[in-house]
Structures are given as structure tokens and as C-alpha cells.
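J.: The structure is given below, and queries will be raised subsequently.
The values are calculated or read from the model by the stated rules, or taken from the named source; none is laboratory data. The model shown is predicted, which means the values in this text are computed figures rather than measured ones. In this analysis, Cβ positions are derived from the backbone assuming ideal geometry, glycine residues included, and neighbour counts consider all displayed protein chains.
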Amino acid sequence: MRRFLASIFLSIWAVVPAQAQVDETPAAILVLDASGSMWGQIDGVNKIVIAREVIGEMLQDLPSSQALGLTVYGHRTRGDCADIETLIEPGLDTRDAIATAVNAINPRGRTPMTASVVEAARALRHTENAATVILVSDGIETCEADPCAIAAELEAAGVGFTAHVIGFDVEDPEARAQMQCIADNTGGQFLTADNAEELAEALEQVAVAPAPMTTPVTLRAVVEPDMSAPVSPLEWSIFDADGNPVQGATQAPGLTLALLPGTYRAQVLRMAQGTEHGTSFTVEEGVEQTVTVALPFIPPPSFEVTFTARIGGEAGPIITDPVLWDIRPLPENVAETEEGNELVFDLEGGSYTANAYWTVQEVSEEVQFVVVDAARTVTVVFEEPPLIASLIAPETAVAGSTIEVGWTGPDMDGDYIGIGLASETGGNTWRNYTYTEDGSLLGLLVPPEPGDYLIGYFLGDGRERIAVAPLTVTPVEITLTAPETATAGDTIEIGWSGPDYEGDYVGIGRADASGGNLWENYTYTRDGNPLDLLVPPTPGSYLISYFLSQDRTQMVSVPIEVTDVQVSITAPPEAVAGSSIEIGWTGPDYDNDYIGIGPVDASGGDLWQNYTYTRDGSPMDLLVPPEPGEYLISYFIGQDREIMAQVPITVTELQVGITAPDSAVAGSTIEIGWTGPDYQNDYIGIGRADARGGDQWENYTYTRDGAPLDLLVPTTPGAYVITYFLGQDREVMAQVPITVTPLQSELTAPATAIAGEMIEIGWVGPDYGNDYIGIGPSGASGGDLWQNYTYTRDGNPLRLLMPPTGGDYVITYFLGQDRDPLASATISVSPVAATLTAPAQAPAGGTLEVGWTGPDYQNDYIGIGRAGATGGAQWEEYVYTRNGNPMIIDVPDEPGAYVLRYFLGQDRVVIAEHPLVVQ
């Protein structure tokens with residue numbers, strides 16, 4: 001009997017569809033007949049007792065994964081067709097509960113067999129899940145139901161509903177027919193057993209019932225419209241009718257699967273394109289088939305390919321000549337032959353061949369390449385072609401001339417056309433050159449020496465000469481006409497004939513000179529013919545030469561003797577320092593010649609301290625230096641400052657004296673007596689005893705103002721020196737010390753005041769010219785030390801205007817000289833108050849009456865301006881407060897937000913505001 005129920009469950013699992021097994025074992029309910037007929041006996045044992053025993057043994061062998069429930073009918077009341085009860089809902093771990101329930105059943109009622117199957121199907125939620133009902137019954141339907149019809153309805157409505165029926169000791173043909181119909185209409189099995197042995201045999205037969213057969217199904221994909229096989233990778237997924245996966249994601253061109261009968265859906269992912277496609281199909285047992293998924297044609301992606309032709313390597317220079325391209329296989333968007341460099345095309349993935357034809361060189365190169373999944377550059381590399389050049393030039397040319405040369409060639413960076421002696425090699429193969437970048441017709445400078453030359457085309461890279469043209473250079477005809485002798489420093493006239501090339505010049509230099517000393521003086525030939533040439537100042541043998549500007553080549557020379565020039569000076573043997581003396585002289589009086597005086601041991605630029613040009617006449621005045629000592633008076637030629645004559649002179653000391661008080665009050669003016677030369681711009685100054693340079697005088701007075709003279713004393717007390725300065729070089733000639741004593745000063749002022757008012761200040765001080773009393777913020781410096789001020793010359797006491805803004809201030813006595821402060825007093829200035837009375841709104845372009853309170857200082861006014869305005873824009877219309885209270889003021893024409901403001905006349909400070917909307 002144990003094998004009986006175990007076999008039933010084995011037979012149940014044998015017929016469960018494969019796809020359902022993927023997720024979980026389907027739930028089942030045992031429907032047990034507990035009608036009164038179950039008290040019948042088989043071999044002397046009640047059928048209900050047999051059932052209890054068999055079910056108990058079966059529960060012990062039940063797999064733990066099997067969900068099982070129990071429905072019973074006819075177990076509670078007699079004659080009741082509704083006596084159907086699901087005692088145990090389907091679930092795991094229900095063995096003990098079911099065994100207990102079965103053992104407690106006492107049969108007594110009718111046989112509502114059909115309704116009990118419906119109740120079991122409901123408990124299993126057969127419309128949502130696969131469900132199996134096992135009906136064990138011993139009799140016919142006794143409650144007027146149609147077992148066949150109901151079974152068909154359950155099969156149609158269920159997801160996977162199956163009812164297996166066991167006829168236990170059933171002999172009635174009609175009862176057997178009902179049980180057979182229930183099993184057939186739900187895909188289940190109908191089994192009979194008349195006794196325990198037959199029941200065991202029947203259940204053995206059920207246990208080995210064959211499982212449903214799988215059927216091979218081939219799945220493939222094709223691309224429309226030509227139904228060709230896809231070339232891109234595919235990923236297949238197969239689902240059953242409920243959407244449960246039967247075959248997980250599998251990368252393959254196609255699949256062949258063994259599937260149970262049923263409805264399925266094949267889903268295909270085109271991995272390269274990222275699109276999904278699918279189709280549904282039905283599998284019938286034993287019917288092999290091929291399922292085809294049609295994929296729409298998707299144009300393959302294209303990628304940007306850049307074609308470039310270069311010389312020598314992939315990083316070499318790009319070819320600028322025309323390049324013809326052939327791409328094979330030929331893309332639809334590319335012409336048979338394309339011209340350009342670089343070219344850009346969109347190509348589909350694949351293998352290609354690019355042939356590039358370099359038209360100028362008449363050569364071609366080919367490269368194979370592939371396009372995969374990204375943009376790329378295809379570079380065709382050509383070998384560097386031999387460089388070719390040609391030259392067009394005259395056969396002969398005059399030395400030093402400029403000839404025109406025509407050329408053809410590569411014209412690469414740094415290429416040049418050069419000329420050099422035919423016999424030279426290496427770097428000497430060019431002496432003059434011109435870059436090809438300057439044009440195809442070039443001016444080339446011919447060397448100055450006659451001979452056989454080669455004109456060459458040179459590459460800038462490596463200086464290789466790739467083309468030559470011969471040139472014979474003929475001598476240039478040059479002559480000079482000049483006197484045989486000349487006086488040193490004189491200007492002579494030179495006649496000449498020659499090429500007069502740009503920059504050519506005629507120069508004069510020592511006969512034995514070389515290099516840059518071949519000329520001491522020169523004149524450009526462009527200045528005319530004849531031309532003037534300055535003779536050097538030193539007598540001797542010289543050469544006058546014609547120089548080509550090219551390499552300063554000496555072409556023709558004539559000799560000349562330079563003779564000494566006669567110069568004399570007449571001067572006194574001595575002179576007082578700083579005086580002006582009269583000098584007589586004879587000499588050439590060349591342009592910029594001068595007579596100077598300097599120390600006897602001086603050299604270079606110190607040979608003269610003072611000088612006078614000879615053009616000023618003879619005799620002339622010469623200023624003597626201020627320091628006593630031995631000096632030389634010299635005649636200097638303007639050319640090279642050459643000394644032509646000298647006479648000695650002794651400079652004697654100058655007598656100077658100063659008379660001044662020993663002390664003076666700071667800032668005062670004192671009287672100074674003095675004796676001295678009173679040279680032009682001599683002055684007497686006062687400065688700190690330890691001062692140097694320009695600080696040796698803070699105040700000064702010119703001696704030309706008389707003796708005695710007035711001198712302003714500095715404002716800072718201390719030790720000072722009064723000094724006599726020569727106007728020449730500001731030389732110190734005499735000094736006397738003086739002590740500057742402090743000034744006495746004090747201020748009398750109130751401790752507080754109102755902003756903008758006028759207060760009275762008493763003061764004690766020197767009242768020097770332009771002394772003043774000012775007020776400024778506490779902590780201020782420089783020009784901010786005073787905002788308002790009044791001169792002390794205006795009287796004592798005097799009136800001082802307070803600043804318009806409240807705060808802590810300092811009242812200070814300032815000396816007019818240097819604005820030095822002498823005395824100060826602090827004062828606290830409180831803000832001045834004002835109010836405005838006016839409506840909040842006013843019509844644009846009208847007038848407004850305004851009442852006010854305030855200080856009514858001079859030039860105070862009330863104005864209307866835009867809200868947020870600054871500076872002069874704070875008022876567009878205004879009226880002075882002196883015009884009365886209340887006042888009438890014009891309203892601006894433009895509507896908007898405005899502010900009515902009270903302005904102090906001093907600095908236009910705002911001390912009251914009233915908002916106003918102009919409508």
C-alpha cells in the first residue's frame with residue numbers, strides 16, 4: 001500500500017511539464033472520499049481504515065519540497081452535498097497535520113465528487129499556478145453534478161490543472177465512466193483497485209508511467225529582405241507561455257533545443273546594434289520544426305576615415321601637390337577616383353585597399369587597412385623624391401653688382417641661392433646668398449673680386465647644392481682724384497668715378513693701417529661727386545680709398561700727406577677761482593673746435609671742466625673752475641677732441657665771507673651780510689649741519705639780491721649752517737653755523753562744536769606769511785590734516801568753519817613754510833540735525849511744498865533725486881533753504897522712486913532724507 005501512494009506521486013511528477021519544474025514543484029491536494037460507503041470492507045478491513053494506513057505510509061515518503069493539502073467530503077453530515085471541506089491548505093511541512101486529520105475522519109455523508117474537485121482546484125489557485133488533484137473515491141457522483149463538463153471547464157481555466165482519479169473498489173460502470181471522464185478531460189490518469197494486491201499492481205503501473213516526450217526545435221535568425229544569415233553576434237533567450245525562462249541568455253548564431261509540448265517565445269538580442277527581436281511558436285510532441293526570427297535590415301555603422309599622403313614617414317611632411325585616391329572595394333559615397341590631401345570619408349567596417357597617386361612625381365603607393373569600430377587615419381607614405389632645381393643667370397657680371405637670378409626648385413624652408421668661387425668647397429661655396437622664399441626672381445649680390453664663380457641652389461637642410469650656373473665676374477672700374485697734401489683737420493674735395501653701389505664710401509686712413517683702421521673718416525658716394533672728406537687731425541702719411549660697402553672691400557687708393565696745423569693760445573698766467581677770463585687764440589676754427597680748461601694732470605674727458613667754442617670769436621670768455629690749483633688751457637679740434645695747443649694757468653683761491661646771527665627762531669627771516677665774487681647765480685643757503693649734496697640748503701637767496709640779504713630760517717629747530725655757494729657747480733665757498741630755536745604757539749578753542757557751524761579760535765604764534773589754522777580728522781596725515789582753514793593774517797581771534805560730518809577732529813596751527821604744525825587742540829564735532837516734511841507721493845512734472853528744519857547754513861539746499869543715486873545725480877531739482885520755509889520745489893518729469901534730501905552747502909553732505917514716489 002505504501003508503494004501505492006508513492007507511485008501516485010511519482011506518476012504526478014512524471015507528467016508535470018518541464019518548464020514548470022524550473023521554478024518549483026506544483027502544489028497538490030488529496031481529495032478523500034469520506035462518504036458512508038467508505039465503511040465498506042475489502043478482505044474484512046474497512047476501506048477508510050485501509051485509506052488511513054496507506055495515506056500515513058505515503059506521508060512518510062513524501063519529498064520535503066512537495067506542497068500538499070487535504071480536502072474531504074461527506075465527513076460531517078448525512079445527505080449534505082455541500083459537506084466539502086479543505087481541512088489542510090496546500091503547503092510544505094503539512095505531513096503531520098494531514099495524518100492527524102485523516103485519522104480523525106469518520107465517513108457518513110453523500111458523494112459530491114465533482115464539487116470536491118472544484119473546491120480542491122480553488123484551494124490550489126489553479127487559474128494562477130500549476131495544480132494537481134488526487135481524487136480517491138469508491139462511488140458514483142450523488143449530487144447531480146456533471147463531472148465531465150466541470151472537469152473540462154477546470155482544464156480550460158487552469159494554468160496547468162491535472163486531476164488523477166483512483167476508483168477504489170468501484171464496480172458500477174457509470175461511476176467508472178464519471179471517474180474516467182474527469183481524468184481524461186484534465187490530462188490525468190484513471191486507476192482502479194478492487195483489493196490491496198490489485199491496487200498495488202495498478203499503482204506500480206502508474207509509478208512507471210512514461211514522461212511526456214521532448215521535441216527537437218531549431219531556432220535561427222535571418223536578415224530581411226534577402227533573408228541572409230546575420231554577421232553580427234546574437235544572444236538568444238527562450239521563455240515559456242508564462243514568461244518563465246526556459247533557456248537563459250546564450251550567445252550563438254542559432255540554437256537547437258529539446259522542448260516539451262507548449263507555447264514559447266524566442267527573444268534575440270543583436271549585440272552590435274543593441275536591438276531586440278522575437279517571435280512566438282508552439283511545440284507539438286513529435287513534430288520537429290525550425291523557428292525563424294526575421295531581423296530587419298539595419299545599415300551597418302560607418303566611421304570617419306582620414307586619408308593622408310606624406311613623405312618619408314607617417315610623421316613626415318604632407319604632400320601639397322595633387323594626390324589621386326582609389327579606394328577598393330569602392331564605397332557608395334566615394335567616387336571612382338578622388339583628388340585631395342587630406343580626404344575624409346565615412347566607411348563601413350571591413351577590409352579595404354587605398355591607392356594614392358602623386359601626380360607631380362608620377363608615382364603611386366598602396367596600403368591595406370581595416371575599419372573596425374572607430375574613426376582612424378590611413379597614411380600612405382611615399383619615399384622622399386630626389387630634389388631637382390634649375391637656375392637662370394647671366395654668364396658675366398661686374399664685381400660688386402647685383403644681378404637677377406631666376407630659379408625653380410623645392411623651395412623648402414631655409415633654401416637659398418648663393419654665389420661663391422668655383423674653386424671653393426664646403427661652407428665657402430657661397431659668399432653671398434638670398435633665400436628662395438623671397439621669390440622666384442631674386443637679386444643676388446656679386447662678390448667684389450673678379451674671377452670664376454658658381455651660382456648654386458642650396459637646400460636649407462644640410463646646405464646641399466643641387467643646381468649650379470657658372471658666372472664670370474669682371475673687374476669694376478674705379479678712380480679717385482684728391483690733393484697730394486692737406487692740413488690736419490681740414491675738409492678736402494674728392495673726385496671719384498665708380499659703381500656707386502648702395503653703401504659705397506670714400507675714406508681716409510693711415511698708409512700703414514689695416515682692417516677697420518683703413519679709414520678714420522669717410523663720406524658715402526651717394527653724397528655726390530665731388531664730395532667733402534674730413535682730414536684726420538694728426539699729421540702723417542695717409543691713403544684715400546674707395547670702399548665697396550660689400551665686405552668693406554678697398555678697391556682703389558691714392559696717397560696724401562697730412563701736414564701740421566698752426567694753433568696758438570694767449571691767456572693770463574693766473575686767475576681767481578670761479579672768475580671769467582679772456583682768451584686769445586689762432587687756429588683753423590674747424591666746426592666744433594673749442595678751448596677748454598682742466599687740471600694739469602687730467603686725462604680723457606677730464607681734460608676740460610669748462611669750455612667755449614672757437615666759433616664764438618677771438619678773444620673769447622672762459623669760465624675758471626672754482627677750485628684753486630694748476631690748470632691747462634687747451635685748443636681742441638672738434639674732430640676726435642685732439643689737443644692742438646696748450647698754455648698753463650694758476651687758479652688762486654677766492655675770498656668769501658658771511659655775517660649772520662648765532663641763532664634764530666624757526667621760520668623767521670634773518671639778515672645776512674656777505675663778501676664774495678657775486679658770480680652769476682651765486683647764492684647763500686641754509687641747511688642742516690650734517691646735510692650733503694642738494695640737502696645742504698633748504699632755503700636760499702641769490703647774492704645778486706644785494707648785501708645784506710634776507711634768508712628764511714627753516715621751521716624745524718636744530719643745528720644749521722649758512723653757506724655761500726658758487727653758481728658754477730654749487731661749490732661751497734664759505735660757511736657759518738647757526739642754531740634754530742623752537743617757536744612758541746598755542747590755540748584756544750571750544751571742546752565741542754556742531755557740524756558745519758562757524759566757531760571762534762584764539763591763537764598765539766609767529767603769524768609768518770601764509771601761516772594758517774586748519775581743522776582735520778583725528779589721525780589724519782598729509783593734506784588730510786586740514787579740511788577747512790583760515791589764515792592767521794585774518795586776525796585774532798579768527799572764525800573757522802567746522803566740517804560737515806560729526807566726529808573727533810584736531811585744530812592745528814600750520815606754518816606757511818612747509819606746512820609744519822606748531823600747536824594743536826582737539827575738538828568733538830557732533831552731527832547737525834535736520835527734518836523734512838512732505839507727502840509720500842507727487843505728480844510728475846508738478847510742484848511740491850516741503851517743510852524743513854535744519855541749520856540753514858550758507859548755500860544749504862533741498863533737492864530731489866533718484867533713489868539709490870550717488871554724487872551729483874542725487875539731485876535733479878533743488879531749492880536753497882535761504883528761500884524760505886516751507887519752500888516750493890519742482891517735481892521731475894519722469895515717474896519713479898525718488899528721495900527728497902537736505903544737503904549742507906559745505907561738501908554737499910546729506911543730513912536728512914524723505915522718500916517720494918513720483919507718479
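J.: Among Ala719, Ala666, which is the only one that is among the small types (Gly, Ala, Ser) and modelled with pLDDT of 90 or more?
T.: Exactly one residue qualifies, and that residue is Ala719.
J.: Please state which one of Tyr457, Tyr453 is within 22 Å of Pro317 (Cα to Cα), assigned to a strand (DSSP E or B), touching a residue at least 24 places away in the same chain (Cβ under 8 Å) and not assigned by TED's automatic domain parsing to the domain that holds Pro588.
T.: Within the list Tyr457, Tyr453, the selection yields Tyr457.
J.: Could you go through the stretch 735-746 and let me know if any residue there is closer than 30 Å to Gln906 by Cα and either in the same structural domain as Tyr768 (by TED's automatic domain parsing) or touching a strand residue (DSSP E or B) at 6+ places or on another chain (Cβ under 7 Å) (or both).
T.: Quick first cut of the stretch 735-746, residues closer than 30 Å to Gln906 by Cα only: 745-746.
Within this subset, residues satisfying the condition of being either in the same structural domain as Tyr768 (by TED's automatic domain parsing) or touching a strand residue (DSSP E or B) at 6+ places or on another chain (Cβ under 7 Å) (or both) are 745-746.
The answer is yes, given that some residue of the stretch 735-746 is closer than 30 Å to Gln906 by Cα and either in the same structural domain as Tyr768 (by TED's automatic domain parsing) or touching a strand residue (DSSP E or B) at 6+ places or on another chain (Cβ under 7 Å) (or both).
J.: Continuing with the same structure: Counting only residues that are surrounded by 14 or more Cβ atoms within 10 Å (Cβ to Cβ) and not in a loop (DSSP other than H, G, I, E, B), how many does the stretch 466-484 have? Can you show your working first?
T.: At the first step, the residues of the stretch 466-484 found to be surrounded by 14 or more Cβ atoms within 10 Å (Cβ to Cβ) are 466-469, 471, 473, 476, 478, 480, 482-483.
Okay, now just the ones that are also not in a loop (DSSP other than H, G, I, E, B), so 466-469, 471, 473, 480.
The number of residues fulfilling the criteria is 7.
J.: Look through the stretch 501-527, keep the residues that are within 17 Å of Thr479 (Cα to Cα) and more than 60 Å from the chain's Cα centre (by Cα), and return whichever of them is surrounded by the fewest Cβ atoms within 10 Å (Cβ to Cβ).
T.: Checking each candidate, the answer is Gly507.
J.: Return yes or no: is Tyr878 surrounded by 14 or more Cβ atoms within 10 Å (Cβ to Cβ) and closer than 22 Å to Phe903 by Cα?
T.: yes
J.: Okay, moving on. Can you pull out the strands (runs of 3 or more DSSP E) entirely within the stretch 794-841 that have at least 2 residues that are closer than 25 Å to Arg901 by Cα, hydroxyl-bearing (Ser, Thr, Tyr) and modelled with pLDDT of 95 or more?
T.: 835-837
J.: Do we have Gly439 as over 30 Å from Ser557 (Cα atoms) and exposed (fewer than 13 other Cβ atoms within 10 Å of the Cβ) here?
T.: Yes.
Conditions tested, residue by residue: (1) among the hydroxyl-bearing types (Ser, Thr, Tyr); (2) within 23 Å of Pro742 (Cβ to Cβ).
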site: Glu671; (1), (2): no, yes
site: Tyr679; (1), (2): yes, no
site: Ala689; (1), (2): no, yes
site: Trp697; (1), (2): no, yes
site: Pro708; (1), (2): no, no
site: Leu712; (1), (2): no, yes
site: Pro717; (1), (2): no, yes
site: Tyr720; (1), (2): yes, yes
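J.: Across the stretch 30-43, which residue is modelled with the lowest pLDDT among those that are farther than 16 Å from Pro112 by Cα and outside any helix (DSSP H, G or I)?
T.: Step one: filter the stretch 30-43 for residues farther than 16 Å from Pro112 by Cα, giving 39-43.
When the remaining residues are screened for being outside any helix (DSSP H, G or I), the result is 40-43.
On the way: Gly40: 86, Gln41: 86, Ile42: 86, Asp43: 82.
Filtering the stretch 30-43 for residues that are farther than 16 Å from Pro112 by Cα and outside any helix (DSSP H, G or I), the one modelled with the lowest pLDDT comes out as Asp43.
J.: Then there's this: Assess whether Gly845 counts as being within 52 Å of the chain's Cα centre (by Cα), in the same structural domain as Val891 (by TED's automatic domain parsing), assigned to a loop (DSSP other than H, G, I, E, B) and on the phi > 0 side of the Ramachandran plot.
T.: Numbers: within 52 Å of the chain's Cα centre (by Cα): no; in the same structural domain as Val891 (by TED's automatic domain parsing): yes; assigned to a loop (DSSP other than H, G, I, E, B): yes; on the phi > 0 side of the Ramachandran plot: yes.
For Gly845, the condition - within 52 Å of the chain's Cα centre (by Cα), in the same structural domain as Val891 (by TED's automatic domain parsing), assigned to a loop (DSSP other than H, G, I, E, B) and on the phi > 0 side of the Ramachandran plot - is not met.
J.: Could you give me the residue pairs with C-beta distances under 7 Å whose first residue belongs to the stretch 44-69 and is assigned to a loop (DSSP other than H, G, I, E, B), whose second residue is charged (D, E, K, R) and surrounded by 17 or more Cβ atoms within 10 Å (Cβ to Cβ) wherever it lies, and which are 6+ apart or on separate chains?
T.: If the second residue must be charged (D, E, K, R) and surrounded by 17 or more Cβ atoms within 10 Å (Cβ to Cβ), the pairs left are Leu62/Arg95.
J.: If only one of Gly414, Gly406, Gly427 is within 30 Å of Ile478 (Cα to Cα) and in contact (Cβ under 8 Å) with a residue 24 or more places away in the chain, which one is it?
T.: Gly406
J.: Just to verify a result, which residue in the stretch 589-623, among those that are part of a loop (DSSP other than H, G, I, E, B) and among the polar types (S, T, N, Q), is nearest to Gly578 (Cα to Cα)? Walk me through how you get there before you give the answer.
T.: Going residue by residue through the stretch 589-623, those that are part of a loop (DSSP other than H, G, I, E, B) are 589-593, 600-603, 608-609, 617-619.
If we keep only those that are among the polar types (S, T, N, Q) too, we end up with 592, 603, 609, 618.
On the way: Asn592: 24, Ser603: 21, Gln609: 12, Ser618: 21 Å.
Only one residue fits best here, namely Gln609.
J.: Here is a follow-up. Please enumerate the residues belonging to the stretch 423-450 that are assigned to a loop (DSSP other than H, G, I, E, B) and touching a helix residue (DSSP H, G or I) at 6+ places or on another chain (Cβ under 9 Å).
T.: Across the stretch 423-450, the qualifying residues are Arg431, Val446, Pro447, Pro448.
J.: With the condition kept exactly as written, say whether any residue in the stretch 288-298 is aromatic (Phe, Trp, Tyr) and either modelled with pLDDT of 95 or more or surrounded by 12 or more Cβ atoms within 10 Å (Cβ to Cβ) (or both). If you could, list the steps in order and put the result at the bottom.
T.: Start the filter on the stretch 288-298 by keeping residues that are aromatic (Phe, Trp, Tyr), which leaves 297.
Cutting the leftovers down to either modelled with pLDDT of 95 or more or surrounded by 12 or more Cβ atoms within 10 Å (Cβ to Cβ) (or both) gives us none.
The answer is no, given that none of the residues of the stretch 288-298 is aromatic (Phe, Trp, Tyr) and either modelled with pLDDT of 95 or more or surrounded by 12 or more Cβ atoms within 10 Å (Cβ to Cβ) (or both).
J.: If only one of Pro530, Pro537 is surrounded by fewer than 16 Cβ atoms within 10 Å (Cβ to Cβ), within 30 Å of Thr586 (Cβ to Cβ) and either within 60 Å of the chain's Cα centre (by Cα) or not hydroxyl-bearing (Ser, Thr, Tyr) (or both), which one is it?
T.: Exactly one residue qualifies, and that residue is Pro530.
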